[in-house]
Amino acid sequence: MARFDVDHDGNISAEEWQQVREAARAEILAEHRAQAQQPGFNMLVRPSDHRPFIFGPASVKTLSQRYRRSAALLSSIAFICLVVGTRSL
């Protein structure tokens, strides 16, 4: 803050405070521009807390419901096949 205390009176006046704000804004904009020029980096990692590793075009809730329905359907088909198979013996 000392670099903005132009009159060196130990206090920041309204004009000096405006200079601080403008300098902070310019610094942030410069950082954003620098970050925007960096290439993007995406990483897909298995959750460390052993949650299901699910990703797709829909929400996690929608995908989970879809997988549950598929599991229930396949389990029912397997059970029917088992029943039919044991009757033919």
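Quick note: the coordinates plus some simple rules give every number you see, no bench work behind them. What you see is a predicted model, and the numbers here were worked out from it, not measured in a lab. Cβ placement follows ideal geometry from the backbone for every residue including glycine, while neighbour counts extend to all protein chains displayed.
Observations, loosely collected:
- Residues within segment 1-28 that are touching a His at 6+ places or on another chain (Cβ under 9 Å) and in a loop (DSSP other than H, G, I, E, B), tallied: 0
- All of (1) more than 30 Å from ARG68 (Cβ to Cβ); (2) more than 16 Å from the chain's Cα centre (by Cα); (3) not in a helix (DSSP H, G or I) hold for GLU31 with one exception: (3).
- Residue in segment 61-74 that is β-branched (Val, Ile, Thr), without any contact (Cβ under 8 Å) to a residue 24 or more places away in the chain and either in contact with a helix residue (DSSP H, G or I) (Cβ under 7 Å, 6 or more places away or on another chain) or on the phi > 0 side of the Ramachandran plot (or both) present: no
- Residues located in segment 44-89, provided they are loosely packed, with under 10 Cβ neighbours inside 10 Å, charged (D, E, K, R) and assigned to a helix (DSSP H, G or I): LYS61, ARG87
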